[in-house]
Amino acid sequence: MNNFEFVKPSTVEEASAALQSEGAQALGGGQTLLPTMKQRLASPETLVSLTGVEGMVGVSASDGTVTVGGTTTHAQVAAEAASAYPALAALAGQIGDPAVRNRGTIGGSLANNDPAACYPSAALGSGASISTNKRNIAADDYFQGMFETALEEDEIITSVSFPVPEAASYQKFLQPASRFALTGVFVAKFPGGVRVAVTGASNNGVFRWTEAEEALSKEFRADALMDLRINHLNMISDLHGSQEYRAHLVGVMTRRAVESAS
Amino acid sequence: MTKVTMTINGKPRSGDAEGRTLLSSFLRDELGLTGTHVGCDTSQCGACVVHVNGKAVKSCTMFAAEADGAEVDTIEGQANADGSLNVIQQAFQDYHGLQCGFCTPGMVMSAAALLKENPIPSEAEIRHYLEGNICRCTGYHNIVRAILAASGQDVPAVAAE
Ligand SMILES: Cc1cc2nc3c(=O)[nH]c(=O)nc-3n(C[C@H](O)[C@H](O)[C@H](O)COP(=O)(O)OP(=O)(O)OC[C@H]3O[C@@H](n4cnc5c(N)ncnc54)[C@H](O)[C@@H]3O)c2cc1C
Ligand code: FES
Ligand code: FES
């Protein structure tokens, strides 16, 4: 790994200032960035650790919204969001393994936007709002393709606010070697309609399956999806599964999510 | 280089670290604590698990500088004060929970973290908790049995999943 300068600011302002320097990059829990740096796919000159920044950690709930600080670990969300937003907590509790969950953060996961990551489906499926040091970004505008987001270079995710649905569920079909989702579906039922977000399947990263949303908004039952098929042409194909297989999994996991939504 | 200080197995220790020095390298190369093993480059094997401020983490996936000021527990601190094996280590020996021993430090540290959170785990909970610890030798059954024993439970002949 190439060397770099390590800085640990304690306020958002200091962190923003540190990120202005050439070659500076934010460090969350490091559970994606460190392996990437070991492979020299990233070689920052300065790493700005966010874990010491005040006011960016923890879970709070009020008025039907759960807000998660940008450096909150997956383990904290699994524990602290369990009563306010059980489907979100369950998703966090299935990420990777315990050691990964003790370090990895929601901000890092959403900034990275891995096409097989879990959190992007919860953010898009819940219609979350992603707050940064500059603005609030609606999840519908935030995800812009595989590893692509609306974030600017020096933008920091400070918190993520999730409207809490009446019922929701995340169903992950595990890719057991990587521990990511081979395909995962987040279904959320709101008074105004149902949202369905799919991860691990598309070459464009997380996406909403609008046909399923329409069918489920009329009738929230797994059977309402029986005649729906999703086109496989833009799906990921790799040694773990073909495009057709992933398209099939999207249907299966969506039906399971509807059946288990609570 | 900067100086990094942490409390390791209850004792203050310090040493030099570059920005890029991993906690695992700091423990092994700077402090000579080679009980923490490094089995992969991809954060997947868990041989390097230590506790930082009481939480199991992969020491290969954290910089030493991030642990500055932290309490770190490694396999070297697990034995009882008189040097005898602690209850988890003894159970690994009694139930043949190791063969080559490469994964064992990480397995024992993960098991210790599990039993702190959940003192009487079920077999399924043990298997779930060990998802980030890979063993090339044992096939896991005897590791699971060792942890059941260490938690004071009866040890059935566990069947393959
Ligand atoms: C063995 C293993 C299994 C895993 N399994 C899963 C899984 O099942 N599901 C899953 O979703 N993920 C999984 N992950 C990835 C894990 O969830 C990571 O924690 C997460 O993707 C990145 O979060 P981080 O805090 O570690 O970010 P880092 O690795 O520190 O950073 C990742 C990227 O985000 C940027 N960044 C970090 N924080 C912020 C912020 N607050 N604002 C702006 N940019 C930021 C960094 O600059 C970097 O580009 C796994 C990882 C490992 C090693
Ligand atoms: S050496 Fe740390 S996970 Fe393999
Ligand atoms: S005992 Fe050899 S790797 Fe586990």
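Data for the structure
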read-out	value
Only one of B:Ala157, B:Ala146 that is outside the structural domain of B:Gln99 (by TED's automatic domain parsing) and among the aliphatic types (A, V, I, L, M)	B:Ala157
Subset of the range B:39-53 (residues that are within 21 Å of B:Thr7 (Cα to Cα) and open to solvent by 20 Å² or more (accessible area, probe 1.4 Å))	B:Asn53
Options B:Ala111, B:Ala56, B:Ala64, B:Ala70: the member that is farther than 24 Å from B:Ser151 by Cβ, crowded, with 24+ Cβ neighbours inside 10 Å and within 14 Å of chain A (Cβ to nearest Cβ)	B:Ala64
Test set (1) open to solvent by less than 30 Å² (accessible area, probe 1.4 Å); (2) free of Cβ contacts under 8 Å to residues at least 60 places away in the same chain - A:Ala261 fails condition number	(2)
Tally, over the range B:57-89, of residues that are part of a helix (DSSP H, G or I), within 16 Å of ligand 2 (Cβ to nearest atom) and aliphatic (A, V, I, L, M)	3
Enumeration of residues in the range B:114-130 that are more than 14 Å from ligand 3 (Cβ to nearest atom) and buried (at least 18 other Cβ atoms within 10 Å of the Cβ)	B:Leu114, B:Leu115, B:Pro121, B:Glu123, B:Ile126, B:Tyr129
Matching residues in the range A:8-29 - criterion: being in contact with a Ser or Thr (Cβ under 6 Å, 6 or more places away or on another chain) and either facing chain B (nearest Cβ under 9 Å) or free of Cβ contacts under 8 Å to residues at least 12 places away in the same chain (or both)	A:Lys8, A:Leu27, A:Gly29
Search result, residues across the range A:14-55 that are of a type outside the set (Asp, Glu), surrounded by fewer than 16 Cβ atoms within 10 Å (Cβ to Cβ) and not in a helix (DSSP H, G or I)	A:Gln20, A:Ser21, A:Gly23, A:Gln39, A:Arg40, A:Leu41, A:Ser43, A:Gly55
Cβ pairs under 8 Å, 6+ apart, first in the range B:124-138 and within 12 Å of chain A (Cβ to nearest Cβ), second of a type in the set (Phe, Trp, Tyr)	B:Arg127/B:Tyr140; B:Leu130/B:Tyr140
Every residue from the range B:2-31 that is open to solvent by 50 Å² or more (accessible area, probe 1.4 Å), over 22 Å from A:Gln39 (Cβ atoms) and not basic (Lys, Arg)	B:Thr2, B:Thr5, B:Gly10, B:Pro12, B:Ser14, B:Asp16, B:Glu30
Residue in the range B:94-106 that is within 11 Å of chain A (Cβ to nearest Cβ) and of a type in the set (A, V, I, L, M, F, W, C) present	no
B:Gly97 being out of contact with any helix residue (DSSP H, G or I) (no Cβ under 9 Å at 6 or more places or on another chain) and assigned to a loop (DSSP other than H, G, I, E, B)	no
Residue ID - nearest to the other protein chains (Cβ to nearest Cβ), chosen from residues in the range A:56-101 that are in contact (Cβ under 8 Å) with a residue 40 or more places away in the chain, assigned to a helix (DSSP H, G or I) and open to solvent by 20 Å² or more (accessible area, probe 1.4 Å)	A:Val100
Residues within the range A:15-57 that are farther than 19 Å from B:Glu66 by Cα and either of a type in the set (D, E, K, R) or under 20 Å from the mean Cα position of the chain (by Cα) (or both), tallied	2
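Residue-wise test of (1) of a type outside the set (A, V, I, L, M); (2) within 24 Å of A:Leu47 (Cβ to Cβ); (3) open to solvent by less than 20 Å² (accessible area, probe 1.4 Å); (4) within 16 Å of ligand 3 (Cβ to nearest atom).
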| site | (1), (2), (3), (4) |
| --- | --- |
| A:Ser126 | yes, no, yes, no |
| A:Asp140 | yes, no, no, no |
| A:Phe143 | yes, no, no, no |
| A:Pro163 | yes, no, no, no |
| A:Gly184 | yes, no, yes, no |
| A:Ala197 | no, no, yes, no |
| A:Asn204 | yes, no, no, no |
| A:Ser217 | yes, no, no, no |
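The values are calculated or read from the model by the stated rules, or taken from the named source; none is laboratory data. Bear in mind the structure is a predicted one, so any value in this text is a computation, not a measurement. In this analysis, Cβ positions are derived from the backbone assuming ideal geometry, glycine residues included, and neighbour counts consider all displayed protein chains. Please note that ligands, DNA and RNA were not included when accessible areas were found on the heavy atoms of the full protein model with its side chains. Shrake-Rupley method; radii C 1.70, N 1.55, O 1.52, S 1.80 Å.
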